[in-house]
Structures are given as C-alpha cells and as structure tokens.
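*Asks:* One structure is given below, represented as structure tokens, and several questions about it will come after.
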C-alpha cells in the first residue's frame, strides 16, 4: 500500500469531509424544515447521548490503533501492525456492545433528565446501535491511518454521508405519520426525529460494511521473521493509549453535554420566573407556545447555531488525523526536528482555514443562517446570538485538535485530559452564571472561554514536549489581521448588496469578496509562511 505524505492525506480527508458536510447540509436543511425547532430539539437530544459515547469508544480506539501501527510500520514490523488490528477488533466489539447496552438501559432516564419529557425517547433508542458500528469502523480507520493511507477513511466517510442523507430523510418521512409499535403514542415531531436518527444508524453500518468488503480483497504486507508481542501485551498497549485518548475526547464533548444539562433547565427556570424576559433575551417569536419555548430555543441553538459552528472544526480535524501517524513515525525514529516541522505545518494550515471562518461567522451570522435555513424565521431569530458568539470558540477549537493529535503522537496521551479538565470546570461555572443573563449567547461565550483556555495550556505542553520552537506566532497574527479584513469586507459588502439583490446572491458575492481580500492580505504580508505549507522539508 502506497504511503501518503501529510499534505496528500490532509487533502484527501479534507475533500472527503467537505463532501460529507455537503451531504450533511442536504440532510439537515430539509430535516429542519420538516421537524422545526421542537423536532430538532428531540433530534439533538439523541445526539447528546451519542456523542460522548462515540468520543470514548471511537475516537480513543482509532487513536489507539493508529499510534502503534505507525510505530511498527516505521520499524518495518508489518506483522505486529496486523496483530494490533486483530486484537483491536475483538476489543472494540466488546466495548461497542457494552456501550450499546448501557445506552439502551439508560435511554429513558437520560431523556427525562435532559429534556423533561419522553418525546425524544424513540430517537435516543434509534441511535444506540450506531455505537457498535462506529467502534468496528474506528479500528479499520485507525489501522489504515497508522499506515499513512487516508484513502480508506475518506471513502468510508463518503459512504456514510451518502447513506445518511438518503436513508435519514426517507425514513423521517416514512415514520412521520406512522403508528409503528413504540411510535403510536408520540407526536409528529418525535416520530420524524426517530426516522432521521435511524437513518444515521444505518449510515454507520454502511461505513463498517465498506471495510468488510475492502478487506476481503486487500493483501497485507507481512514480515517473515519478526518478534511479535503477545496478545496480553497488545491489549495493554492499546488500553494504555486508548484510555487517556478516549478521556480527552470525552472531555472535549463534555461541553455539549454540559450545554444539554444546563441550557434547558436554565430556560425552564427563566420561563417560570420571568417568561416575558426569557422571550426577549432569547429573541423568541411570541407565536411559539410557552410549553414548547425551552425545547424550541435549545433546538434552534443546537440545530442551527451549533450545526454551522461544527462545519469548520469537522474539516480541520481531518488535518489532525493526518498529522498523527506522520509525527508518530518521525518521533519513533528520534527525529524531533521533523516532528516540530509537522507541528508547525499543521497549525499554520489549520489557522489558514479557521481564522477567516471564525471572523466571517461573527460578521455574517444572520446572513449564514438565512442562506442555509431560509423560511425558518423564528428559529433563525433565536439562533443568531448564539452563532455570533461561538465564532471565537470556533478558532480556538480548530487549533486545539491538531495540538491534541501531536501530543498523542509523541506519546503524551494524558496531557489533553489534564489541560481540558480545568477548562471544562470553567465552562460549567460560566454556563451557570451566563445563560440566565444572556440566554444562548451566554452558553456560546462560555464555550469560547473554555476552548481558549484549552488551546493556551495545550500549546505550552506541546512546546515543552517537542523541545523545539514552533514559530507560529507571526503566521497566526498575519492570519488574524487578514481575518479582520475578511470579516469587515464581508459585513460591508453584504449590507450594501442586500439592498439590490436577493439574499442568497448577496451573501455569496459578499463571501467571495471576503475570501479574495483575505488571501490578498496574506499574500502581501505572509508570503514566506504560505510557501512553507507546500514544501514538506525532511530532516535527517
């Protein structure tokens, strides 16, 4: 199998992620139109349970496989790499089955505790089998990523995306008016959310099935004479990497879990104490009934604001996945300068995408939501403040992902957990104080503070571990200056053009002008750093 460079792997995964996000938009936009804010609240409740379990069982497992496979491959111990995959398959099946069982047992309890009603219960049940399939898929992705081959991961992501958009929308419409078994006592929105989530579960099964087919025709390289670790030692090695990596991924997703537990409860308390004040702070239309107001605002925030927020990190996370095996192989060979060069390259490239995106979202929050969710005026009105204040957290989060991957690549899987725990505590405290005052904007501000603290602490740890200068301050400052120009030009152009052209055309023109100005600014003030990105210098 041909090994790919960091940039080749990053490009391939980024293209796949863009395709997946386009499919996700094709899925989410009509889904929001069908379910509305209340139905999207039920849909988001199911995701609130799924994401932390996904983080623990999938993200940690994928990293646990990729890291030793990269190490063994660097030393040309191909049989050991295959044995790691074999052991991880059995381990992940057991963990996925356990995760699915726990989710099924506590699904009703979780639904009641988070949403205060059982309308989201069918959607939560539909999501639980996805945990098992995602675990099985994570092993295969981790193995090929450890070989520095990102093609299988990219293809499986594309397969999942296509199944999700087709099966999700089809099943949503099928179950909307269905009285099938457990659904007959639930509302229209609840049944639709169940069908949409069931489509997502089928997509995860499709992603795993792709690897089943691929592996039947794939011949793996093996060494004839090679000392292989025992099964017990392989399990210990996997767990040693997986547990801290999974905990780090869990802590990252705890921000959404904290929002899930604090936002609706805070909204309910605000509705009891000052319903008029809540409607005003939330930017909520008076046409929304009081009994649905909390779920409506939360669904609008998660279904619109957070959906847009997650678009960019999901793309830049592909850079983090690509840099891990390359850095691990350099580190295993004792080449610290090469590892530092990969770190510098991935951080500059991540900033190149994240900084203008964050600045642009701040300037065009309302325009973005109107472009993506036209016809949902009440949901947009409730979602705009949250999205605007999420923009700073977006930049910090995007830059944190590659730093965590780099720390894992150099054998310090424990450090992401250590830097995130205090930041998560800050997030919880800020939510408690800011949500009653600023509504969803308070949750967004606390998210930005949390991710900013995480990034600062993680960079300090990375620099100490590498023992080499990162030299990223000047490039990031140049990108930030370009981002300010990008945001200012986008706001001015959109405001002026909107008076003469339809909203979507005005928005696209404003974005195009802003992108051109951003890259022109970078070309004028940061030519050296841009050239560095496309020259993978090798240190020996």
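*Asks:* Based on DSSP H runs of at least 4 residues, each adding -39500 (n - 2.57), what is the mean residue ellipticity at 222 nm of the chain after dividing by all its residues, to the nearest 500 deg cm²/dmol? Present the calculation step by step, with values, prior to reporting the outcome.
*Replies:* Numbers: 19 runs with 447 residues, N = 540.
Taking each H run of at least 4 residues, the total per residue is -29000 deg cm²/dmol.
*Asks:* Can you tell me how much longer the chain between residue 162 and residue 273 gets when fully stretched, taken as 0.36 nm per residue apart minus their C-alpha distance, in nm with one decimal? Please list the in-between numbers first.
*Replies:* Working: separation 111, 0.36 × 111 = 39.96 nm, distance 4.57 nm.
Here the answer is 35.4 nm.
*Asks:* Could you tell me the extents of segment 343-470's C-alpha atoms along the three principal axes, largest first, rounded to whole Å?
*Replies:* Each principal axis gives a Cα extent; for segment 343-470 these are 52, 32, 17 Å.
*Asks:* Could you check the simple spin-label distance between residue 75 and residue 98, using points 7 Å along Cα→Cβ, in nm with one decimal?
*Replies:* Modelled inter-label distance: 2.8 nm.
*Asks:* Sticking with this structure for a sec: Just subtract the alpha-carbon distance of residue 184 and residue 519 from 0.36 nm times their residue separation and send over the number in nm, one decimal. Please report the intermediate quantities before stating the final value.
*Replies:* Numbers: separation 335, 0.36 × 335 = 120.60 nm, distance 5.49 nm.
Working it through step by step, the gained length comes to 115.1 nm.
*Asks:* Suppose R0 equals 30 Å. What FRET efficiency, 1/(1 + (r/R0)^6) with r the Cβ-Cβ distance, do residue 213 and residue 113 give to the nearest 0.05? List each step's numbers first, then the result.
*Replies:* Details: r = 40 Å, r/R0 = 1.35.
After rounding to 0.05, the efficiency reads 0.15.
*Asks:* Please find the FRET efficiency linking residue 290 to residue 265, where r is the Cβ-Cβ separation and R0 is fixed at 25 Å, and quote it to the nearest 0.05. It would help to have the intermediate numbers written out before the result.
*Replies:* Details: r = 16 Å, r/R0 = 0.64.
Working from the Cβ atoms, E equals 0.95.
*Asks:* With viscosity set to 1.567 mPa s at 4 °C, what whole-number translational diffusion coefficient in µm²/s follows for segment 72-181 from Stokes-Einstein and a Kirkwood radius over Cα pairs? Provide the component values of the computation, followed by the final result.
*Replies:* Numbers: Rh = 16.7 Å.
Reported coefficient: 78 µm²/s.
*Asks:* May I pose another question? Could you give the nm distance between label points at residue 105 and residue 500, where each point is 7 Å from its Cα heading toward the beta carbon?
*Replies:* According to this spin-label approximation, the distance is 6.6 nm.
*Asks:* Taking just the alpha-carbon atoms of the chain, what radius of gyration and Dmax come out, in angstrom?
*Replies:* Radius of gyration, then largest Cα-Cα span, for the chain: 23.1, 75 Å.
*Asks:* Obtain the nm distance between the two label points defined at residue 509 and residue 177 by a simple spin-label model: each point lies 7 Å from its Cα along the Cα-to-C-beta direction.
*Replies:* If labels sit at residue 509 and residue 177, their model points lie 4.3 nm apart.
*Asks:* Nearest 0.05, what FRET efficiency do residue 86 and residue 280 give at R0 = 51 Å with Cβ-Cβ as r? Don't jump to the answer; show the numbers that get you there.
*Replies:* Details: r = 60 Å, r/R0 = 1.17.
Using R0 = 51 Å, I get an efficiency of 0.30.
*Asks:* Averaging sequence separations of C-alpha pairs under 8 Å and six or more residues apart, then dividing by the length of segment 475-533, give the relative contact order as a whole percent. Each step should come with its number before you reach the end.
*Replies:* Numbers: 42 pairs, mean separation 27.3, N = 59.
So the answer I get is 46 percent.
*Asks:* When the scattering of segment 475-533 is computed by the Debye formula from its Cα atoms alone, each counted once and equally, what is log10 I(q)/I(0) at q = 0.14, 0.18, 0.21, 0.24 Å⁻¹?
*Replies:* Result of the Debye calculation: -0.42, -0.60, -0.72, -0.84.
*Asks:* Another question about this same structure. Grab the Cα-Cα distance for residue 492 and residue 381, subtract it from 0.36 nm times how many residues apart they are, and report the gain in nm with one decimal.
*Replies:* Working: separation 111, 0.36 × 111 = 39.96 nm, distance 2.10 nm.
Value of the extension gain: 37.9 nm.
No value in this document is a laboratory result; all are computed from the given coordinates. The structure displayed is predicted, hence computed values, not measured ones. With ideal geometry, Cβ positions are generated from the backbone for all residues, glycine too; neighbour counts draw on all protein chains shown.
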